[in-house]
Structure formats: structure tokens, C-alpha cells
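Below: the structure, in C-alpha cells.
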Amino acid sequence: MLTALAGGVGAAKLLVGLAEVVDPTEITAVINTGDDLVLHGLTICPDIDSVTYALAGLDNKETGWGVTGETWTVAENLRALGGISWFQLGDRDLATHLYRTQRLGEGATLTDVTTELAVARGVRTRLLPMSEDPVRTRVTLARPAEGASAEVAFQDYFVRLSHDVEVASLRFDGAEGSSPAPGVLEAIEQADLIVCCPSNPIVSIGPILSIPGIASALEARREAVVAVSPIIAGSALRGPADRLLAELGHESSALGVGRLYAPWVGTFLVDEADEALAPKIEALGMRCLVVPTVMSDAATRAALAKAVVSAC
Ligand code: FO1
């Protein structure tokens, strides 16, 4: 059994590769829900949806989020009405949010709905939200616009402000007092291998670790945990991980991520570009393997998945 800790797009790619080299029904993905939002009255879970769409082969390669073959009739009409248009929901994607919101309103849990949506899309991997409690990433901006609140919701930072602003701090609202979703701790305790996907360490993996009980469960399984660095030669392939690391006082490098992960990761995979960092990473008490980590096509994705599966 393999358990993966996942954010959105970067994690989704590796999960697709893992599901090619391991029986997908043997994989459980524990997915960040700190990015979730309610918009137009709909509950939207971007990372759960990115993983679901990718594993279903439905991910939109043009936008990098949402569904392939998307149309935008509702979004265009909303814009014409003067509605909120900075966070765009495609027509096909909307069906997911309508279904989820309806089912949650009927009393279904987020775990149930996540399974229902995955099964309906033909996904055989088990997908779990990190928690059924609302835990939301809140970002404090270093230089808020005059008169504006310094603290904003994650998607305000990420999409509305294009994550092109300096961050002073962040917190995971609701984490204290939250619980891991049913099955999460068991998936960590019983896995033969635990994979930390190359997701943003601060805003994708950070919220998962903030749920009481998850970090200690991982520490207890440290020897079985393999992480893939999301930082290559000091930069993130996509998103603000590199900026966020630096702004929050960490080194923006595989070594900086290694320092954050050392308490609960036994084996750290870094890209060939970071080979020179391996001795310093090993000095943190982790095994460091140097492999190509850029998943530019199906072959490199499968090769990384194989390296992960044989890492410990
Ligand atoms: N990202 C954008 O950059 N612009 C959008 O309008 C946008 C809409 C959107 C709708 C549904 C969804 O599931 C994801 C969406 N994303 C959008 C991506 C999302 O903001 C990020 O991928 C994650 O939250 C970061 O992991």
C-alpha cells in the first residue's frame, strides 16, 4: 500500500505516474484542502479536483487547472452581469462544484463526495481530503493596498493577486481543533511507502501537516517516507514555492526544503541539478537520492514514479 501527500498540479502529475507503476487501487492520496473556497455559493476544492481530473485523464493542459475541452459560457455571462470573474469556473468544471455542494448540503461528508466524484470520473486511486473540517490558508501581505485588509484568503493571494505580492506570514485557519479525515491516519500508519509529492512545502504540504495528529504519524513512519523536492536549482517549476520559502525566512533550495522535511522524511529525492547539495542534505540525517525530477512527458513521469517506488 502506498500513501501520498498531495497538493494540486505537481502532485497530480506524480500520482498519474505512480498509478502507472503501482496498482492504482493500492494508492491513497491525502489531499490539501487549505486552498478551498466558497464562491457563488459553491464549495470548490481546487487540489482535490486537480488530482481527480489528472487521474481521470481530464486535466486541462492549457490552463493548468480545471477540465480539458472546457467552455466558458457561464463565466462570460457572469462577467457581463458584473459578477465575480477573477476566479474562473468553466462550464464542465461547474458540474463538479454543483454536485459537491448539493451532496454536502444533503449531509454527505467531504470524504464521501470526494470518493463519489472520483469514482464517477473512473479514478481507481483512493482520494481523501486531509480533513473534513474547514481548514483555510490565510495569507498576510507585507504591503497591502491602502485601506485593504493585510490578511487575505488563499485564492485572493494566488489568483486575484497572481501570487505576485510579498507575503509576511500565513496561517491555517481552523487547523487547531480540526481532525484528519477518516482513513488518513490509518493510511499513514499502514502504508508500505509514504510519498510526499513535489508540491509547495508551505501552502500545499504545510496545511496537511497542520492537522493535529498527521505530523506525529509521519514522524513515527519516517523511514518509510520519501519526498520529492519541488525546488530545482533554487526555483519552483510552477507557482510561488520559491518566493514563499524566501519570504518566510527559509532557503529557496532543495536544501531549504530538506531542512523543513527532515523531522519526518527519511529519503529525499532531489534533481540532478542539485547534486552538489546532496552531502548537506544527508548531513540533516536523510538519505538523499539524485534523479531527474522534471516530469516533462509520460516517460520522465514514469521514470520518476519508478525511482520513488524503489527509493526505500
Ligand atoms: N487558477 C487561476 O490561476 N485562475 C483561475 O481562475 C482559477 C480557477 C480555478 C477554478 C477551479 C479550480 O479547481 C482551480 C482553479 N484555479 C485557478 C487553480 C487554483 O487556484 C490553484 O491551482 C490551486 O489552488 C493551487 O494549488
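Structural remarks
- Candidates Leu127, Leu161, Leu110, ranked by Gaussian network fluctuation over the chain, Cα under 10 Å, top entry: Leu161
- Sum of side-chain charges, Gly8 neighbourhood, beta-carbon under 13 Å (Lys, Arg +1; Asp, Glu -1): -3
- Per residue value of the accessible surface for the chain (all protein chains in place, 1.4 Å probe), Å²: 42 Å²
- 17 Å tail of the calculated P(r), the range 4-126, as % of Cα pairs: 56 percent
- Cβ crowding within 10 Å averaged over residues, with 52-60, 299-307 ranked highest first: 52-60, 299-307
- The packing ranking of peptides 6-13, 99-106, highest mean first, is 6-13, 99-106, where packing means the average number of other beta carbon atoms within 10 angstrom of each residue.
- The portion of the accessible surface of the range 31-102 made up by carbon and sulfur, rounded to a whole percent, is 56 (1.4 Å probe; DNA, RNA and ligands excluded).
- Normalised alpha carbon radius of gyration of the chain [divisor 2.2 N^0.38 Å]: 0.96
- Residue-averaged [θ]222 nm for the chain, counting only DSSP H segments that reach four residues, each worth -39500 (n - 2.57): -10000 deg cm²/dmol
- In the elastic network of the chain, a GNM with C-alpha springs shorter than 10 Å, the most mobile of Ser252, Ser169, Ser204 is Ser169.
- Simple point charges give the picture: +1 on the Cβ of Lys and Arg, -1 on the Cβ of Asp and Glu, and for the chain a dipole about the Cα centre of about 120 debye.
- Separation in nanometres of the label points that stand 7 Å from Cα toward Cβ, at Ser162 and Glu146: 2.2 nm
- Rounded percent of accessible protein surface that carbon and sulfur make up, the range 136-254, 1.4 Å probe: 48 percent
- The range 184-312 - Debye-derived log10 I(q)/I(0), Cα point model, q = 0.09, 0.12, 0.13 Å⁻¹: -0.23, -0.41, -0.49
The values are calculated or read from the model by the stated rules, or taken from the named source; none is laboratory data. Model, not experiment: these values are computed from the prediction. Methodologically, a virtual Cβ is constructed for each residue, glycine included, from the backbone with ideal geometry; neighbour enumeration extends over all protein chains shown. These area figures cover heavy atoms from the full protein model, side chains too; ligands, DNA and RNA do not enter into them. Shrake-Rupley method; radii C 1.70, N 1.55, O 1.52, S 1.80 Å.
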